[in-house]
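Enquirer: Pasting a structure below so you can have a look.
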Amino acid sequence: MRRGGVACSSGGLAKTCVVVFLLSAVGKLDASLLVTNGTHIIDYDISTNRQTVLPVSEPGGIVALAVDVGGQRLYYTNAETGGIVRCGLDGSNQHAVVNTDVTQPTGIAYDWVSGLVYWTDEGRGTVEVAQGDGSNRKTLISGQLFPRGIAVDPISGYLFWGNQGDFTIRRARLDGSDVETLHNTGLVWPNELVVDFPNSRLYWIEGYFGYIGSSALDGTDRTIVANVSSGYVLFGLALQDDTLYYTSWEGKLFSVDQNSGEQSEVMEAEGEQLLGLVSVHPSRQPAGSNPCQTDNGDCSHLCLPTAPDSRICTCPDDGGLAIGKDNKTCEEPGQFLLYAKADEGQIMMLTVDLSMAARPVLLDQGVRPVAVAYDPIEQRVYWSDVVTHTINRVFLNGTGSEAFMDGTNGIASVEGLAVDWQNRRLYFSNLGLHYTGVSWGRVEMVGLDRTGHRRLLEGRVGKPRSIVLDMQARHMYITDWGEEPKILRADLDGRDPQTIMSSEMENPNGLAISDGKLYWVDSHVKSGVNSTGTLEQAELDGTNREQLLQDVPFHVPFGLAVQGSTVYWTAWGQDGTGAVFQGNSGTGDHRVVVGGLGDPMAVTICNKSYATPEEPNPCAGHDCSHICVPTAGSYRCMCPNTGGLGLGSDGKSCVEPQQFLLVADLTEIRMVPLDTPDRYPYPIIQVHDLYSNIAAVTYDPETKMVYFSDVGCRSILRAYLNGTGLQVVHRDTGVSDGMTIDPMDRYLYWTDGERGTIERMALNGSEEDTHEVVLQGLDRPRAIVVISDTNYMYWTDWGESPSVKRASMEVNATDVQNLVEGDLSWPNGLVVDSNEGKLYIGDGNNTKIEAALLDGSDRQLILDESSGHVYGLAKIGDVLLWSDWAGQSVKMMTLGSDEIQVLTDGLMRPSELHSSNITDGLLTPTTHVSTTTTAATTLAITTTQVTTPVPTTAVTTPVITTRVTTPVPTTTVTTPVITTEVTTPAPITTTTTATTPVITTEVTTPVPTTTATTPVITTEVTTPVPTTTATTPV
């Protein structure tokens, strides 16, 4: 045969090399070693000490090597680019055989009897297999903690690998079955492994403690062959005849006599780290046989040996196939279960078609998936991941995996999904926790083409989880495991939310509808560790409640799927070894369908095909401009969250409102239309940053730009009403709680409560050229109003001497006056009505609103403590509006009336308000449907004057090139803690709790910080640095 490469001088990789070719017969091939330094592969001839650099070059990442001696092929892993590469033993014909969905492969082995290549993937925590050309890839074992070296023994029918995450060496059958731990002591970095076939021994190199260990293939008779510690990490291991070879990160290759333990240095690569190592000789791949050797074992796709005389036929991960009833042929199932294996990050399919054999098939891989749903039209599976904060989707055949929505769409912890395939829409629950302690729960929908994203329920749901749709009655049902556990029912558009079940509920999880009945499981974890879950059913209106399968021990039930009398559910089990169960609600019979799943999450039963409903779709041929949602016997038009649109008076068209209210709401700017019947608080601008904390807001009608402060990110930003053009206009602010625009001189003013300043910058100039401090030495200024006509600026100060002050709009003005002081605690909101000659002050701590003349005299109490925790304040005509932190709402009252109304609710932490320029006339009385209550609120606002002068000259929008980007963590292994009292939602780990049904580390419901005890919006937060894995030496 012909072997080629680049011959180099001894003593390492020389700078100058020449091409050489070695000719020999396969049967008389001299033994050699292949070793990698990460970028190259070196062929070391054992008998001649000759080193040859193969013409294989990578920028880095070559870690592990394997060979097919009979086929004269070399396999190697690239842990940087994520791929399995094959080439000739001479380095020729190099190409990737697996290069998708591979993250950090660091171990590889070749089964020369069956022609299969096995590898470990540290990033995915998997042991995988494929045919030698990379086809018919399948994940055999998942949920491993940093698996590294791997060895196969097709003679005995076992594979072996080491885990650096739990310090173990394990083995399994070649099909991944019968996993067992051989060794779990004396290990930290078990790197490469080899099998001594004639003597049935397993050898491994322990990189941390520095020894070569050995045992029988069943783990007995464990010994230390040699202590080989050199002060460097030991990595590669190979066996040839009676000699073991190993590599170290000092760039040396050593040999150890298998019997005596005598050691010697074989080769040195100066300045290099030597990694993977493999011996090349026919004796290392002795003859063997198994049923997969001939005609692929009569399997249609993948044949895997289970023992020397047995095999199974199985299907690859991609293709959406399941093994048929003949146990040989892979077919498309007609009916199947989808379920999420959270601990192993996998989305699985299991056929329930009685004509097929039930074996789980991997569809997609994530980090910690929870919810699953299916679209039969496009045959796509949608699933959520609570670690990556994404909704993902993949075709049923395993192709086209992609993130459908992510953090830029406001996705946090999604625990429920439901597909309305008729109207091409996805419904989902969304649960988040802000670093300030404010938590929020929502139910939202979005088109399957990613358009028409709209929130449906806010505030009314605490911790929403499972969602199911009743398309006949046009209802959706939601389980809520928050402080007030319940099951909610609402129209598909979010209207008319009703609690239909709440008594004796603790942790309602999975939800299902079948044959006109509603089913749910409740883990009852709040009762304690010895609690038992329940499965119940009721009519769709909540009546006739009944417990099912009372003799079944439900240990933390989570997911639920029902078809007729057949019930499927997932349960976590008492020791974290959960399963998918099947039961009969009539007979009470039940069984384990798939076991050993850790903490399985959602499960749903699906038909691959679909039947067109007999009842016509109300939205077919609709005349809505944007979103049509079917309701009972009709439909409703809606507008998307972003775009700066509101539903017009015709109830069909989405239009730009000319009169609106802006609300700064923690991480977003809300817009409430005021000139149409629509009162929904549209989240038109969303800053999806972990540290965002939006406090102040104002609007420039000339450029249609919204300006706002983000005290969490310490910056001032702006964007158009439609949410586009998001830019930073000023950086390095302190705590800017108040903001306003001087429309005459075109200046943006803001307060800084941390620095005790009032500052400004020109709207038509650059930050560097026009930013200046107007006043300094103040205490804690907050709200600010400027009146250009009188050249005065007014502001509230909630420092040691709470007051309302006034000064000229001059730099370093000397005429600062205290207008209102005494009997104030936290003066927050401020309105100056120069036409009426009055001030209006909102006091947050005293929860009151007062009025006074412009000189501070004639103080009058407008509202007492019934106003809630007042923050922002606005006035339109004779209507006063204020934001209420405690009620998470915006309230309103007509002056002279004692009736308080809710303008909009379901907010997170509404702060400053800004009303757009309102023209003379009467705003149409409307009916507002609350997202947290079913009661309607009547709104009638009359205005007869313009409260803010409209500029008459046009200006050019200043160009700011710096964009706001959302920082993305580089690792999901650990979740950064933002403060010492509030933790960021993170995935459940089985080490924390095995019996809690919550998805995040928020095992007990965190209590949001009380806004009645702190007037400060935020304190400075430093960005945590993600930690790295200390147990992985690569």
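Enquirer: Output the strands (runs of 3 or more DSSP E) that fall wholly within the stretch 493-556 and possess 1 or more residues being of a type in the set (Phe, Trp, Tyr) and surrounded by 21 or more Cβ atoms within 10 Å (Cβ to Cβ), or say none. Give the steps one after another, and end with the answer.
Expert: On the way: elements: 498-501, 508-514, 517-522, 534-539, 546-548.
Filter on the stretch 493-556 gives 517-522.
Enquirer: If a residue must be under 19 Å from ALA109 (Cα atoms) and polar (S, T, N, Q), how many such residues does the stretch 200-226 contain?
Expert: Number of matching residues: 2.
Enquirer: Among the residues of the stretch 396-416, count how many are assigned to a strand (DSSP E or B), surrounded by fewer than 24 Cβ atoms within 10 Å (Cβ to Cβ) and in contact (Cβ under 8 Å) with a residue 40 or more places away in the chain. Outline the logic, then answer.
Expert: First, the residues of the stretch 396-416 that are assigned to a strand (DSSP E or B): 402-405, 413.
Applying the additional criterion that residues be surrounded by fewer than 24 Cβ atoms within 10 Å (Cβ to Cβ) yields 402-405.
Of the ones still in play, those that are also in contact (Cβ under 8 Å) with a residue 40 or more places away in the chain are 404-405.
Of the residues in that region, 2 qualify.
Enquirer: Another question, then. Tell me which residues, restricted to the stretch 691-736, are part of a loop (DSSP other than H, G, I, E, B), hydrophobic (A, V, I, L, M, F, W, C) and surrounded by 20 or more Cβ atoms within 10 Å (Cβ to Cβ).
Expert: At the first step, the residues of the stretch 691-736 found to be part of a loop (DSSP other than H, G, I, E, B) are 691-693, 701-704, 711-714, 721-726, 732-736.
Those still in the list that are hydrophobic (A, V, I, L, M, F, W, C) too: 711, 713, 721, 726, 735.
Those that are part of a loop (DSSP other than H, G, I, E, B), hydrophobic (A, V, I, L, M, F, W, C) and surrounded by 20 or more Cβ atoms within 10 Å (Cβ to Cβ): VAL711, CYS713, LEU721, VAL735.
Enquirer: Next up: Of all residues in the stretch 757-778, which are surrounded by fewer than 18 Cβ atoms within 10 Å (Cβ to Cβ), assigned to a loop (DSSP other than H, G, I, E, B) and within 41 Å of the chain's Cα centre (by Cα)? Working first, answer last.
Expert: Let us first name the residues in the stretch 757-778 that are surrounded by fewer than 18 Cβ atoms within 10 Å (Cβ to Cβ), namely 764-773, 776-777.
Next, only the ones that are assigned to a loop (DSSP other than H, G, I, E, B) stay: 764-766, 771, 776-777.
Within the stretch 757-778, ASN764, GLY765, SER766, HIS771 meet the criteria.
Enquirer: Please determine, by comparing only the residues of the stretch 191-217 that are of a type in the set (Asp, Glu) and in contact (Cβ under 8 Å) with a residue 40 or more places away in the chain, which one is surrounded by the most Cβ atoms within 10 Å (Cβ to Cβ). Show your work before the answer.
Expert: Within the stretch 191-217, the first condition is being of a type in the set (Asp, Glu), and the residues that meet it are 192, 196, 206.
Now restrict to residues that are in contact (Cβ under 8 Å) with a residue 40 or more places away in the chain: 192, 196.
Details: GLU192: 31, ASP196: 17.
Within the stretch 191-217, the match that is surrounded by the most Cβ atoms within 10 Å (Cβ to Cβ) is GLU192.
Enquirer: Okay, moving on. Quick one: would you say ARG3 is among the basic types (Lys, Arg), surrounded by 14 or more Cβ atoms within 10 Å (Cβ to Cβ) and at pLDDT 90 or above? Break it down stepwise before answering.
Expert: Values: among the basic types (Lys, Arg): yes; surrounded by 14 or more Cβ atoms within 10 Å (Cβ to Cβ): yes; at pLDDT 90 or above: no.
Judged against the criteria, ARG3 is not a match.
Yes or no, residue by residue, for (1) among the charged types (D, E, K, R); (2) in contact with an Asp or Glu (Cβ under 7 Å, 6 or more places away or on another chain); (3) more than 30 Å from ALA403 (Cα to Cα); (4) crowded, with 20+ Cβ neighbours inside 10 Å:
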{"residue": "ARG50", "(1), (2), (3), (4)": "yes, no, yes, no"}
{"residue": "GLU58", "(1), (2), (3), (4)": "yes, no, no, no"}
{"residue": "LEU74", "(1), (2), (3), (4)": "no, no, yes, yes"}
{"residue": "ASN78", "(1), (2), (3), (4)": "no, yes, no, yes"}
{"residue": "VAL97", "(1), (2), (3), (4)": "no, yes, no, no"}
{"residue": "ILE108", "(1), (2), (3), (4)": "no, no, no, yes"}
{"residue": "VAL117", "(1), (2), (3), (4)": "no, no, no, yes"}
{"residue": "THR126", "(1), (2), (3), (4)": "no, no, no, yes"}
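Enquirer: Shifting gears a bit: Restricting attention to the stretch 36-76, report how many residues are touching a Pro at 6+ places or on another chain (Cβ under 8 Å) and of a type outside the set (A, V, I, L, M, F, W, C).
Expert: We begin by selecting, within the stretch 36-76, every residue touching a Pro at 6+ places or on another chain (Cβ under 8 Å); these are 39, 63-64, 69-70.
Filter once more, so that each one left must be of a type outside the set (A, V, I, L, M, F, W, C): 39, 70.
Residues flagged as touching a Pro at 6+ places or on another chain (Cβ under 8 Å) and of a type outside the set (A, V, I, L, M, F, W, C) within the stretch 36-76 amount to 2.
Enquirer: Is one or more of the residues making up the stretch 142-165 assigned to a strand (DSSP E or B), surrounded by fewer than 19 Cβ atoms within 10 Å (Cβ to Cβ) and out of contact with any Pro (no Cβ under 8 Å at 6 or more places or on another chain)?
Expert: Initially, the stretch 142-165 is screened for residues assigned to a strand (DSSP E or B), giving 147-153, 158-163.
If we keep only those that are surrounded by fewer than 19 Cβ atoms within 10 Å (Cβ to Cβ) as well, we get none.
The answer is no, given that none of the residues of the stretch 142-165 is assigned to a strand (DSSP E or B), surrounded by fewer than 19 Cβ atoms within 10 Å (Cβ to Cβ) and out of contact with any Pro (no Cβ under 8 Å at 6 or more places or on another chain).
Enquirer: In the stretch 816-836, what residues are closer than 8 Å to SER803 by Cβ and surrounded by 14 or more Cβ atoms within 10 Å (Cβ to Cβ)?
Expert: Selection gives LEU819, VAL820, GLU821, LEU824, PRO827.
Enquirer: Right, here's the next one. Considering every residue within the stretch 594-617, establish whether at least one is within 29 Å of ASP515 (Cβ to Cβ), outside any loop (DSSP other than H, G, I, E, B), under 29 Å from the mean Cα position of the chain (by Cα) and at pLDDT below 90.
Expert: Applying the first criterion (within 29 Å of ASP515 (Cβ to Cβ)) to the stretch 594-617 yields 594-595, 597, 600-617.
Restricting the remaining residues to those that are outside any loop (DSSP other than H, G, I, E, B) gives 594, 600-607.
With under 29 Å from the mean Cα position of the chain (by Cα) added as a condition, the list becomes 594, 600-607.
Now narrow it down to the ones that are at pLDDT below 90: 594.
Within the stretch 594-617, one or more residues are within 29 Å of ASP515 (Cβ to Cβ), outside any loop (DSSP other than H, G, I, E, B), under 29 Å from the mean Cα position of the chain (by Cα) and at pLDDT below 90.
Enquirer: Find the residue count for the stretch 449-468, including only residues that are within 19 Å of the chain's Cα centre (by Cα) and not charged (D, E, K, R).
Expert: First, the residues of the stretch 449-468 that are within 19 Å of the chain's Cα centre (by Cα): 450, 453, 455, 463-467.
Right, trim to not charged (D, E, K, R) and you get 453, 464, 466-467.
Count: 4.
Enquirer: Based on this model, can you work out whether THR103 counts as surrounded by fewer than 20 Cβ atoms within 10 Å (Cβ to Cβ), part of a loop (DSSP other than H, G, I, E, B) and under 36 Å from the mean Cα position of the chain (by Cα)? If you could, list the steps in order and put the result at the bottom.
Expert: Values: surrounded by fewer than 20 Cβ atoms within 10 Å (Cβ to Cβ): yes; part of a loop (DSSP other than H, G, I, E, B): yes; under 36 Å from the mean Cα position of the chain (by Cα): yes.
Yes: the conditions hold for THR103.
To keep it simple, each residue is scored yes or no on (1) of a type in the set (A, V, I, L, M); (2) closer than 21 Å to ARG454 by Cβ; (3) not assigned by TED's automatic domain parsing to the domain that holds GLU772.
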| residue | (1), (2), (3) |
| --- | --- |
| GLY644 | no, yes, no |
| ASP650 | no, yes, no |
| VAL655 | yes, yes, no |
| ILE669 | yes, yes, no |
| VAL672 | yes, yes, no |
| LEU690 | yes, no, no |
| TYR707 | no, no, no |
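Enquirer: Ok, one more. Take LEU433 and tell me if it is of a type in the set (A, V, I, L, M) and free of Cβ contacts under 8 Å to residues at least 40 places away in the same chain. Explain how you work it out, then say what you get.
Expert: On the way: of a type in the set (A, V, I, L, M): yes; free of Cβ contacts under 8 Å to residues at least 40 places away in the same chain: no.
So LEU433 does not fit the description; no.
Enquirer: Among (1) under 23 Å from LEU277 (Cα atoms); (2) at pLDDT below 95; (3) in a strand (DSSP E or B); (4) not aliphatic (A, V, I, L, M), which single condition is THR81 missing?
Expert: (3)
Enquirer: Still on this structure: So is ASP864 surrounded by fewer than 20 Cβ atoms within 10 Å (Cβ to Cβ) and over 27 Å from GLY756 (Cβ atoms) or not?
Expert: For ASP864, the condition - surrounded by fewer than 20 Cβ atoms within 10 Å (Cβ to Cβ) and over 27 Å from GLY756 (Cβ atoms) - is met.
Enquirer: Checking TYR374 against (1) out of contact with any strand residue (DSSP E or B) (no Cβ under 6 Å at 6 or more places or on another chain); (2) part of a strand (DSSP E or B), which test does it fail?
Expert: Unmet condition: (1).
Enquirer: Can you say whether SER803 is modelled with pLDDT of 95 or more, of a type in the set (Ser, Thr, Tyr) and either more than 27 Å from VAL902 (Cα to Cα) or in contact with a Leu (Cβ under 7 Å, 6 or more places away or on another chain) (or both), as far as the supplied structure shows? Outline the logic, then answer.
Expert: Values: modelled with pLDDT of 95 or more: yes; of a type in the set (Ser, Thr, Tyr): yes; either more than 27 Å from VAL902 (Cα to Cα) or in contact with a Leu (Cβ under 7 Å, 6 or more places away or on another chain) (or both): yes.
Taking the combined requirement at face value, the residue satisfies it.
Enquirer: Could you list, in sequence order, all residues of the stretch 642-674 that are surrounded by fewer than 23 Cβ atoms within 10 Å (Cβ to Cβ), in contact with a Cys (Cβ under 7 Å, 6 or more places away or on another chain) and part of a strand (DSSP E or B)?
Expert: CYS654
Enquirer: Which one of these does SER625 not meet: (1) outside the structural domain of GLN472 (by TED's automatic domain parsing); (2) under 20 Å from ARG474 (Cα atoms)?
Expert: SER625 satisfies all of (1) outside the structural domain of GLN472 (by TED's automatic domain parsing); (2) under 20 Å from ARG474 (Cα atoms) except (2).
Enquirer: Right, something else. Does any residue of the stretch 646-654 turn out to be more than 23 Å from THR408 (Cβ to Cβ) and free of Cβ contacts under 8 Å to residues at least 12 places away in the same chain?
Expert: Within the stretch 646-654, one or more residues are more than 23 Å from THR408 (Cβ to Cβ) and free of Cβ contacts under 8 Å to residues at least 12 places away in the same chain.
Enquirer: May I pose another question? Being buried (at least 21 other Cβ atoms within 10 Å of the Cβ) and among the charged types (D, E, K, R) is the filter; apply it to the stretch 421-454 and report the residue that is nearest to SER889 (Cα to Cα).
Expert: ARG442
Enquirer: Against the condition within 25 Å of ALA322 (Cβ to Cβ), at pLDDT below 95 and not in a strand (DSSP E or B), how does GLY437 come out, does it pass? If you could, list the steps in order and put the result at the bottom.
Expert: On the way: within 25 Å of ALA322 (Cβ to Cβ): no; at pLDDT below 95: yes; not in a strand (DSSP E or B): yes.
So GLY437 does not fit the description; no.
Enquirer: Please verify whether GLY261 is surrounded by fewer than 19 Cβ atoms within 10 Å (Cβ to Cβ), farther than 23 Å from TYR76 by Cβ and not assigned by TED's automatic domain parsing to the domain that holds VAL603, treating the condition exactly as stated.
Expert: On the way: surrounded by fewer than 19 Cβ atoms within 10 Å (Cβ to Cβ): yes; farther than 23 Å from TYR76 by Cβ: yes; not assigned by TED's automatic domain parsing to the domain that holds VAL603: yes.
So GLY261 fits the description; yes.
The values are calculated or read from the model by the stated rules, or taken from the named source; none is laboratory data. Values in this document were obtained by computation on a predicted structure and should not be read as measured data. Cβ atoms come from the backbone with ideal geometry, glycine included; neighbour counts cover every protein chain shown.
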